[in-house]
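These notes are about the structure you will find just below.
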Amino acid sequence: MNSIRIHKVLVANRGEIAVRVIKTLHKLHIESVAVFADNDANALHRRLADEACPLGNGSLKDTYLNVQKIIDAALDAGADAIHPGYGFLSESPELVKACEANNIIFIGPDARTMRLMGNKIAARKVAVEHGIPVTFGAMGSHEEILAMADTLPYPILIKAAAGGGGKGMHIVWQKEDLKLELERASREAEKYFGDGTVFVEQYIESPRHIEVQVLADHFGNVVHLGERECTIQRRYQKIIEESPSPTLTEEKRLQICETAVELCKAIHYRNAGTVEFLVDRDMNFYFLEMNTRIQVEHPVTEMRTGIDIVEEQICIARGKEMGWTQDAVHAQGHAIELRIYAENPENGFLPTPGKVTAYHEPQLRGARVDSSIDGPSTVSEAYDPMIAKLTCHGKDRQTAIETARHALKEFIIQGLTTNKAYLWEVIKNPDFIDNKMDTAFCATHQEALLKALNESRKAQNVNDIVASFLLFDFCKKQVEQHPDNVWEEIGYWRYHMQLTVDVEGEKVPVSIEAAETGRIKGVINGVPFKVEFQQYDHKQLKIMLNGRTETVYCSVNDEQKTIVNFHGLNFTCFRTDQLNDTLDYACKESVNDKSRLVSPMPGKVVKINVKEGDEVGEGTIMMVVEAMKMENNIVASGKAKVKQVFVVEGQMVDNKMQLLELE
């Protein structure tokens, strides 16, 4: 195959992966074209690209999943090639065929291998044909699978044949739940992948999740870039990945990597891909699936090998031969990646879309951030809730973990709830450090992790948080509007002011004894304090607090409450004497009771299982609300009768909207 010159690439994606691809295109001096839906009009990937093509408004099928719109955008922009990133159309044979029909280079594998390995049922058959171990599996229509209910080896796992990322995946512990979970998994699979086909396979208890990064060119050369361990997951979706695996022996590592290469050679694979395996307690490994695209966690491998995988994808797509053999791939040290999501770990990891009021990335040696944002912005409920990825590298695992802990502390995201503090607790958990883990780690450690998170918050001195808040609050207008001349006005300050500050629901009494230019002195909770302004820069406030220097981040949300980031943790603060009842927000409205249920988040009603007059019992799933690619069940807490249903299927709701009423 002759090498082809690529001048312009359309990136058929959004978020952090679109940003990631565009940065490599800039490095290679290749023009970049972004595509964007209306709600991404000011998104970072659009602003970074050399050109941008609108996809209009509507659902994912009308925008990022619309093959014809993507092709039309590439043709209109004069793009030579399309890079699909991950997710969306990255594993769509239809897009590959459309590229071929329009003389556009697809930066990825061909349609044949994509179809072969993109369907988990077909991929399992290929693995079996080539002697690669797999777990027990069963496939067929819903009726055929239900007919096997009495003979299936419970627990089993239902999986979307065309899926990935934990979508359409449900564990079934007993046959009585099989029908319900089949329907739910199929519905999710149809929604996210356009194919409702599902299959079941044996659920391996206490497994490790290991994957191998591969690169293959058009000349029969296939190399692996080592393995990654992706065992730490929630809702079957990875949140922490690391390399090398702390689990595998050198012998098993070589064996699993060579198996991945063997599979790629057998199917004549091209471009970047990832072969995934489950490893049981006895270190037996089983083929799980192959992702025919770049992975979310590819920075882990890049940090260890120094190889830009996106650049290699482009070179392979151009028809160039890889410039090295397996012996030339050298991985060094240890790397760990943490996925930062807009979600609430204390509320079942429910998504928390909304506005980011302050954003600051850590500036540490050995730390890399791949993000979908670069400052205050909006995280939409229409997309996956991942905001950013933090990848840290060190000479060994302990060093990488320590770097990650420091980087998480310096990573500031305010305005919405994230899993950042939860990740901090995971990587300092003794069982994680000692590598005593499996894919159920988050579930089995959830109580301990949330307890540790709560204790970490309680360990912070509330008086210090209040003092920081007061200094920012008293002058926030000047701070925001005139940062170079903050202290010329003192606003509504007065001497001997008595007030109360609410910090996460705790009422803290404050007495201001004196206030002068850049200083406040008084008593908080009966303890004297003195706080002085030193410097303010882009939400970062440097202060002298009781004789010591502190750096805090402060921003104001839509509810006019101040978020103070103190020692890496966010605390919501407000003066109770300044807020009126209309600003004491929807917390009362958002709490479900036995009769009045509201949505737990902004989202879309995808299924209503009840109607007025229906009798329900404890645990009855009455309604399903979907947000950020996640389905959430609205469940009855006890016996009741449906008095009224206030919404219809397909309706968008927010977390203040009543869904139904029971009696």
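The values are calculated or read from the model by the stated rules, or taken from the named source; none is laboratory data. Because the structure is predicted, anything quoted here is derived from the model rather than measured. Backbone-built Cβ (ideal geometry, glycine too); neighbour counts: all protein chains shown.
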If you scan the range 41-61, which residues turn out to be within 23 Å of the chain's Cα centre (by Cα), over 22 Å from His26 (Cβ atoms) and in a loop (DSSP other than H, G, I, E, B)?
Gly58, Ser59
If we ask which residues in the range 62-74 are buried (at least 16 other Cβ atoms within 10 Å of the Cβ) and either polar (S, T, N, Q) or in a strand (DSSP E or B) (or both), their number turns out to be 2
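Can you tell me how many residues within the range 530-546 are closer than 17 Å to His567 by Cβ and not basic (Lys, Arg)?
If we filter the range 530-546 for residues that are closer than 17 Å to His567 by Cβ, which is where we start, we get 531, 539-546.
Next cut, not basic (Lys, Arg) only: 531, 540-541, 543-546.
So the answer is 7.
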Look at Thr301 and say whether it is among the polar types (S, T, N, Q) and part of a strand (DSSP E or B).
no
Exactly one of these conditions fails for Thr352: (1) buried (at least 23 other Cβ atoms within 10 Å of the Cβ); (2) outside the structural domain of Thr418 (by TED's automatic domain parsing). Give me its number.
(2)
Condition met for Lys643 (among the basic types (Lys, Arg), at pLDDT 90 or above and assigned to a strand (DSSP E or B)):
yes
Find the residue count for the range 285-294, including only residues that are modelled with pLDDT of 95 or more and closer than 15 Å to Ser245 by Cβ.
1
